[in-house]
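We did not get these values from a lab; they are worked out from the coordinates using the rules stated. Because the structure is a prediction, the values reported are computed rather than measured. Counting neighbours? That spans all protein chains shown, and the Cβs are built from the backbone with ideal geometry, glycine included.
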Amino acid sequence: MLGIIIAQASPQDKTKNFGPAGCYGFLGVAAALIFANLGAAYGTAKAGVGIATMGVLKPDKIIKAIIPVIMAGILGIYGLIVAVILVQKVDSGDSYSYKQGFSHLASGLCCGISSWAAGIAIGIAGDAGARALGQQDKLFVGMMLILIFAEALGLYGLIVSLILIS
């Protein structure tokens, strides 16, 4: 049903009708982008609160503490990459099978939910890390390591997602 609605809303070519399998492919596109951006938004907001709190007392350390926000923003890019690749792979007609549709749905969910989890981890670690960095400069390397491992969760989802697409 959703595939038919999307096909009818397309201004480029009204003759394309996406079957039920195409619906699953488009759900994968939406899942990749929506969940990855949820993670990026949460990570940015949560880490931003810690940075703002720390910046009141130590404004000179804000630049060092901004790294979690940058890392959270990268998660949204992961979702965008997968969504763009997936939308090009979803095909109309009989050549697009249920296997491809489910594979593309799994791909979008894999990238999106992994990035969502990574965004939560980056937000919490970035909040605590920024506040701690305001009190002790020696914690910077430890904070960076924690953030790198949190970001790796989203990267793992991106890698598996790209494997599922092909």
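Are any residues in region 93-104 surrounded by 14 or more Cβ atoms within 10 Å (Cβ to Cβ), of a type in the set (Ser, Thr, Tyr) and assigned to a helix (DSSP H, G or I), and if so, which ones? Before the answer, list the steps.
Step one: list which residues in region 93-104 are surrounded by 14 or more Cβ atoms within 10 Å (Cβ to Cβ), which gives 96, 100-104.
In the following step, the residues that additionally are of a type in the set (Ser, Thr, Tyr) were identified as 96, 103.
Answer for region 93-104, where residues must be surrounded by 14 or more Cβ atoms within 10 Å (Cβ to Cβ), of a type in the set (Ser, Thr, Tyr) and assigned to a helix (DSSP H, G or I): just 103.
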Residue 120 vs. criteria under 30 Å from residue 88 (Cβ atoms) and in contact (Cβ under 8 Å) with a residue 12 or more places away in the chain:
yes
